[in-house]
Amino acid sequence: MALHQDPRTGIYYFRKVIPEKLRPVFGKREFKVSLETRSLAEARQKMAEPAMRYAQLAEEAAIFATGGWSEAGRHLVEAWLADKERPDQWLRECLARITAFHRAMNSTDRGTLVPPAYAFEAVEKAPDDDELLRVRASHTRARMNWPMRLGVLKTIPTEAFGWIVEQVAIHSGKEIRSDGPLFGEVASAFRHRLLVTALEETTPRPRSGSPLPSLIVIEGGRSQDEAIGTATRRDPGFQVGLTISEAFDAWKSYTKGRPRKPQLVQEWDLAIRRFVSMYGDIDMGEIRPQMVRDFREKLLEIPGRTKKSIKALPLEEQAAIAAKEGLDTLSPATVNKSLSALRSVTEHVVDKMSKVPLEFNAAKQAKFVELDDSEEKRLPFDEGDMEAIFRNLAITDRTGISEETLFWIVLLAPFTGCRLEELGTLRPLNVRSEQGIWFIAIERDRAQVRAEQGQEEKGRKNQNAERDIPLHPILHRAGFLEYFQRRRDEGAEWLFPDLKPNKYGKRTYRVSRLFAQYLEGLGITDDEKVFHSFRHSIRRILRGRAPEEMVDLICGHSDGKVGRRYGRGADMRPLQVVINLIDYNGPDWGSVVAKGRHFVGLPPEKPVSGGPTQLGLSL
């Protein structure tokens, strides 16, 4: 039976197994098309179209299997296509151009019904190279069904594929004579690949990164955008003309002069590839809310950190392995990132393509996974943890990060509440004095400094992350200002110059690993206790001691109230008072201070009654 129902979603689909003798021709085992309905009666009506397509596929495959092509020709064509970045996309473009050329010739009385050889060569050109391609562009948006495409392919003589055969010959290094048998075999093999594309696709896609002109006039004197608008009103599920991968490429390349963050691009690329692996590289207009919901549920079933060999498997198989072996699955936060990727890429299409309706974003109709707020993602360090961490603070690294750098980064964390990357991207100019109070300014680099020095830009997690944090007395006593002044006098670009960025531009990726190993060596093995736990520690120790608004200003948090958005930070004196309230029990801060003073060449600290924490300030 060709009609089947997905047991998970209840959606019917058409499926036929390709005869074994024809599988080498098409390189696949089955022909499968979703009917996008849970109604049996409707599915029976809809299956006529894919059934007809399958019958044509089997018929044409049998013709190719019995003559007109060879294994040698197929091998040469496949090797040539494999070197293209996206061969399937290239074939779709090629087919769209050939079919549109054929229609353009018929509608303009320009000559023969058969596209000449240069119509294939034009595949490598930009859309506006000549008048012929501008005519082609006017037809690319039109719906082109597979029978029409097959009809066009059948009218093209073998010699019309001469340019393709020439490219295959250059790639393979073989001499392919136009009067030799290999010429026809290669041409037939390429025609076969176009045939498969015609049977598997129902709508052409434009070249990625090459938007079609919007002022081209097509049938009836309407502009291209007007035609799209009409199609939109007529059919909410219209074909956008961009596959998911092409839409992602468009989002990635739209930077407004500021490149996307490499790590974000890689994370979203993985999300898009996972979606494509589940549904194929379909047109953006074919995405339905239920597909996104099913994708969300499947992501919750696949393993998180696992072997590359498992990650390479289809999502269904990954989920089965995770269930069988009891592997930890993707966290809700990670799944939500994937949904954000789909939403943003789709929103980019809505925003940049004229007349695409706002309701088109099917990804927005799928809810995010609810996070469990009852459990903190990270735990604060308790008194015993703090005592162990600072008992003999000595972290070493064999890759070039000095012990002094690691000392200062770890010591700054519990007294500033800074994120690890915020500390790693500090520059000497971020340490300043105001009202006689020294503080660290967490902010974006000033544009003038970046332009003059050609320095890379620092990123902030959010707008609230920009803030001023007075130095704690412990940092004064340990000699942090002397360390800062040394780096400033050296003309150092960074406060911690021995940190090197990874491929994503993150300067502290190595520090994070070293600190995790340091904690493990101390016997602190709880997965919820990491460097970020220092931020939870500072909030816990200030809870009930200082106004929450002041703590938010120091840690870079916001409660969302509009009033908090006006004006940056607060007067430095009350901020200093809050910082002075940080008083961790457990560590012997005297020995920590002594080590810091040793690093910067200061003499041992003399006992002082009252200490520098008494500044005569009050809240």
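No lab work stands behind these numbers, since they all come straight from the coordinates. Everything numeric in this text was worked out from a predicted model, so none of it was measured.
Determine the distance separating the Cα centre of the range 391-441 from the Cα centre of the range 513-536; give it in Å without decimals. Rounded to whole Å, the Cα centres lie 17 Å apart. For the listed residue pairs LYS16/LYS364; LYS324/LYS364; LYS261/LYS311; LYS16/LYS308, the alpha carbons are over 30 angstrom apart in LYS16/LYS364; LYS324/LYS364; LYS16/LYS308.
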